[in-house]
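The values are calculated or read from the model by the stated rules, or taken from the named source; none is laboratory data. Just so it is clear, the model here is predicted, and its values are computed rather than measured. Reconstructed Cβ throughout: ideal geometry from the backbone, glycine too, with neighbour counts over all protein chains shown. When the accessible area is computed, the model is the full protein with side chains, heavy atoms only, and any ligands, DNA or RNA have been set aside. Shrake-Rupley method; radii C 1.70, N 1.55, O 1.52, S 1.80 Å.
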Amino acid sequence: MRYLTVALAKGRLASKAMEMFGAAGIHCEEMANKDSRKLIFENPKLGMRFFLAKATDVPTYVEYGAADIGIVGKDTLLEEGRRLYEVLDLKIGKCRMCVCGPESARAHLKNHELIRVATKYPRIAKDYFYNRKDQTVEIIKLNGSIELAPIVGLSEVIVDIVETGSTLRENGLTVLEEICPLSARMVVNQVSMKTENQRITALIREFQELVRKKEERKG
Ligand code: PRP
C-alpha cells in the first residue's frame, strides 16, 4: 500500500489536527515526542505519514503532490492561492481576518484615503481594499508582529488575524473592519483525489463526522 502523506501547518493547528486524527483512530506515536527534531512521522500499519511544515508552505506541498493531504488555515489558502481541493472546514483554529488600528484611523477608512496598510497577507489586503472596498491603499509586507506598524508610524492600519483580541488590546489597537472568518481546512491534491479516492474519501467522511459531533456538543 502506498503511503498517504499529510502535511500539517506547524504550531497550534498541528496538535489540534493530530487530536482529530487520533479520534479517527489514526495515531502516530512518534509525533507525541515534543522534544524530537524529527520532521516526518510514520504509521506503517495504516500506511500514513505526517510531516510538519511552515504554514505558508503547506499548500505548495499539496499542489505539487509531495503531500496528498494538507491541514492549514484558510488565511494561508487565500494568501497562497494554490490549485488544490479544499474539502472540509475542520472548525478548529477559529479566528477572523480584520483591518485593525488605533480608533483614530477609522476616519481614514471611512473617507477612503490613500493610507498605508501593513500586513503579512498582501494578497488578502489587496483584494479587500481594491476589489471589495474600491479604495486605493499602499500595502507594506511584513513578516510578523504586525501590531507594531501603526504604533511606530509605519502604517495607519494593519490587516491581520484576530483570535482573542488581546494582542490588539494590549497595544491600544482595535478592530476597525472585519474581512472574513477563518478556520483550519483540509485540502487535497487534485491528482491524489482521483488515484487515492477511496482512502481519501473515507478519511474525509470520518473527519466530517468528527466535526459534526463536536459542533453538536457545543450546541
Ligand atoms: C497572530 C496574529 C496576532 C495574534 C492574534 O500572531 O498575527 O498578532 O496572533 O491573536 P490574539 O487576538 O489572540 O491576540 P502570531 O502569534 O501568529 O505571530 P506573528 O506576530 O508572527 O504573526
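A few comments on the model shown:
- Cross-linked pairs LYS141/LYS214; LYS16/LYS133; LYS126/LYS214; LYS38/LYS94; LYS110/LYS218: Cα-Cα separations exceed 31 Å for LYS141/LYS214; LYS16/LYS133; LYS126/LYS214; LYS110/LYS218.
- The C-alpha radius of gyration of the range 1-141, expressed as a fraction of 2.2 N^0.38 Å, stands at 1.31.
- Compared with the rule-of-thumb size 2.2 N^0.38 Å for a compact globular protein, the range 133-205 has a Cα radius of gyration ratio of 1.70.
- Averaged over its residues, the chain has an accessible area of 54 Å² per residue, based on protein heavy atoms and a 1.4 Å probe.
- Whole-percent carbon and sulfur share, accessible surface of the chain, 1.4 Å: 49
- Shape call, the range 70-145: gyration tensor on alpha carbons, a/c limit 1.5: prolate
- Measuring only protein heavy atoms, the 1.4 Å probe finds LEU154 accessible over about 70 Å².
- Estimated from helices alone, the mean residue ellipticity of the chain at 222 nm is -9000 deg cm²/dmol (sum of -39500 (n - 2.57) over DSSP H runs with n ≥ 4, per residue).
- Residue order for ASP160, ASP134 - accessible surface, 1.4 angstrom probe, largest first: ASP134, ASP160
- Toward the positive end of the charge dipole of the chain, with +1 on the Cβ of Lys and Arg and -1 on the Cβ of Asp and Glu, the farthest Cα among MET97, MET1, ALA55 is that of MET1.
- Residue of GLU19, GLU80, GLU29 that the Gaussian network model of the chain assigns the largest fluctuation, springs spanning Cα pairs under 10 Å: GLU29
- Helix 12-23 vs. the chain, principal-axis angle (Cα, 0 to 90°, nearest 10): 30
- For the chain, modelled as a GNM whose springs connect Cα atoms under 10 angstrom apart, the maximal fluctuation among VAL187, VAL62, VAL137 occurs at VAL137.
- Across the range 5-129, the relative contact order, built from alpha-carbon pairs under 8 Å that are at least six residues apart, equals 28 percent.
- Separation of the ALA32 and ARG83 label points, Cα + 7 Å toward Cβ, nm: 4.2
- Viscosity 1.002 mPa s, temperature 20 °C, Stokes-Einstein D of the range 1-72 from Kirkwood C-alpha radius, µm²/s: 176
- A viscosity of 1.306 mPa s and a temperature of 10 °C, combined with the Kirkwood radius over C-alpha pairs in the Stokes-Einstein formula, give the range 75-219 a diffusion coefficient of 93 µm²/s.
- In Å², nearest 10: area of VAL191 left accessible to a 1.4 Å probe: 100
- Charges were assigned to the Cβ only: +1 to each Lys and Arg, -1 to each Asp and Glu. The resulting dipole of the range 133-219 about its Cα centre is roughly 680 debye.
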